[in-house]
Amino acid sequence: MKLKRIFKTILIITASLVLLLFVLKYLWVDTASIPQDTDYFADIRAIRKLAAADSSELPLKIKSLKVGEGQFPAWLVIAGGAGKKSYTFHFRTFQVIYPKASIVIDPVHGPKAHKEFDFATEYSAENFEFVQQALLRADEIICTHEHWDHVGGIAHSPHFDKIRDKSILTQEQINSAIIQEANFPAGSLETLEPLKYENYHTLAPGMVLIKAPGHTPGSQMIFVRLKNGQEYLFLGDIAWTMDNINQLTGHSRLVSWLGEENRKQQFAQIRWLYNLQQHEKVVLISAHDSEQHKQYISQGLFSEGLE
């Protein structure tokens, strides 16, 4: 009888471990299949046509400034970890330079928010101030989505009253519960006039906004065509790194659940981006991919520093 009890206990423990491993694999490793076909609507030909509609003052160059960094466990970034231990994230602000104007994309959060972030490493308060000065000089300020690290430069700005009227957030971004994490000054979000558009919106010559909900309800991509013909697509956080696109692997289920992502929408966009880079010469810019950013700077696709 004693042997039977021992055997039964061993079976229960073994079954429990197998179940636990299955659950962990399901949550952390399996990503579900990125679809072979995508129902994401974006039409690159239509986007190019909108960007070229007014070619009188096309932008001349892209600039960027790294304000901070973070160190993320690989399993958090890509399901299964892609054979890596961690990824270094850059928190960058981008700037599109026109002959007589500038547009800022994704102004980075302030020092207090960075200090409170679990995966934060280095941060430059001096560069945050450079971003703030660029916001004051900018003609328009836009964000790929409503997460605190992409709208924080607006929310945490000491010059909020001066930049409010040129800060263009979409209706979906302002109405999303996620934006509350950015800690805008009390009552200030209600003073912003939301941008409303369907599918595409021409913001400026050579620049088109593209609806891309999934990572957040207010996510959008930003297409930019320079005067020299070079085309860019700012992805925001559809893909935290290019590994997500190149390996057709999104976040783990656990990360998607905790982040309240719409995996179906996001995976369709990853497939669309994978297909796009196979057939088109569009420079895809992932918001946080430090290795990609270093490569692009060395290639002259954008330069370090703001004007």
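The values are calculated or read from the model by the stated rules, or taken from the named source; none is laboratory data. This one's a predicted model, so the numbers in the text were calculated from it and none came from an experiment. When we count neighbours, we look across all protein chains shown, and the Cβ atoms used for this are built from the backbone with ideal geometry, even at glycine. Heads up: the accessible areas ignore ligands, DNA and RNA and are worked out on the full protein's heavy atoms, side chains in. Shrake-Rupley method; radii C 1.70, N 1.55, O 1.52, S 1.80 Å.
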Report summary line: Residues in segment 68-97 that are of a type in the set (Asp, Glu) and surrounded by fewer than 18 Cβ atoms within 10 Å (Cβ to Cβ) total 0
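Conditions tested, residue by residue: (1) farther than 17 Å from Val224 by Cβ; (2) modelled with pLDDT of 95 or more; (3) not charged (D, E, K, R).
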{"position": "Ser102", "(1), (2), (3)": "no, yes, yes"}
{"position": "Phe128", "(1), (2), (3)": "yes, yes, yes"}
{"position": "Ile142", "(1), (2), (3)": "no, yes, yes"}
{"position": "Glu146", "(1), (2), (3)": "yes, yes, no"}
{"position": "Gly153", "(1), (2), (3)": "yes, yes, yes"}
{"position": "Ser157", "(1), (2), (3)": "yes, yes, yes"}
Requested in this report: Take the residues in segment 240-268 that are small (Gly, Ala, Ser) and at pLDDT 85 or above, then tell me which one is most open to solvent (accessible area, probe 1.4 Å).
Outcome: Gly259
Query raised in the report: Between a first residue in segment 189-211 that is buried (at least 20 other Cβ atoms within 10 Å of the Cβ) and a second residue that is of a type in the set (Gly, Ala, Ser), which pairs have beta carbons less than 6 Å apart while being 6 or more apart in sequence or on different chains?
Result: Gly206/Ala51; Val208/Ala51; Ile210/Ala42
Report task. Name every residue in segment 154-168 that is assigned to a helix (DSSP H, G or I) and open to solvent by 50 Å² or more (accessible area, probe 1.4 Å), in order of residue number. Result -> Asp161, Lys162, Arg164, Asp165
Query - Residue, modelled with the highest pLDDT, within segment 48-67, restricted to residues that are polar (S, T, N, Q) and surrounded by fewer than 16 Cβ atoms within 10 Å (Cβ to Cβ) - result: Ser56
Query - Flag if Ile178 is touching a residue at least 40 places away in the same chain (Cβ under 8 Å) and open to solvent by 10 Å² or more (accessible area, probe 1.4 Å) - result: yes
Query raised in the report: List pairs: first in segment 284-307 and within 12 Å of His90 (Cα to Cα), second surrounded by fewer than 18 Cβ atoms within 10 Å (Cβ to Cβ), Cβ under 7 Å, 6+ apart or cross-chain?
Result: Ser290/Thr88
Requested in this report: Considering each residue of segment 274-284, count those that are assigned to a strand (DSSP E or B) and either under 18 Å from Gln247 (Cβ atoms) or of a type in the set (Phe, Trp, Tyr) (or both), and give that number.
Outcome: 1
Report summary line: Across segment 140-153, the tally of residues that are out of contact with any Cys (no Cβ under 7 Å at 6 or more places or on another chain), surrounded by 24 or more Cβ atoms within 10 Å (Cβ to Cβ) and of a type outside the set (S, T, N, Q) stands at 9
Query raised in the report: For Ile141, which of the numbered conditions (1) touching a helix residue (DSSP H, G or I) at 6+ places or on another chain (Cβ under 6 Å); (2) in a loop (DSSP other than H, G, I, E, B) fails to hold?
Result: (2)
Report task. Restrict the check to segment 131-138 and report whether at least one residue is basic (Lys, Arg), open to solvent by less than 70 Å² (accessible area, probe 1.4 Å), out of contact with any His (no Cβ under 9 Å at 6 or more places or on another chain) and within 26 Å of Pro205 (Cα to Cα). Result -> no
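Residues are listed down the side, and each one gets a yes or a no for (1) over 17 Å from Leu76 (Cα atoms); (2) among the β-branched types (Val, Ile, Thr); (3) out of contact with any Lys or Arg (no Cβ under 7 Å at 6 or more places or on another chain):
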{"site": "Tyr197", "(1), (2), (3)": "yes, no, yes"}
{"site": "His201", "(1), (2), (3)": "yes, no, yes"}
{"site": "Val208", "(1), (2), (3)": "yes, yes, yes"}
{"site": "Pro213", "(1), (2), (3)": "yes, no, yes"}
{"site": "Met221", "(1), (2), (3)": "yes, no, yes"}
{"site": "Asn228", "(1), (2), (3)": "yes, no, yes"}
{"site": "Leu233", "(1), (2), (3)": "yes, no, yes"}
{"site": "Ile238", "(1), (2), (3)": "no, yes, yes"}
{"site": "Gln269", "(1), (2), (3)": "yes, no, yes"}
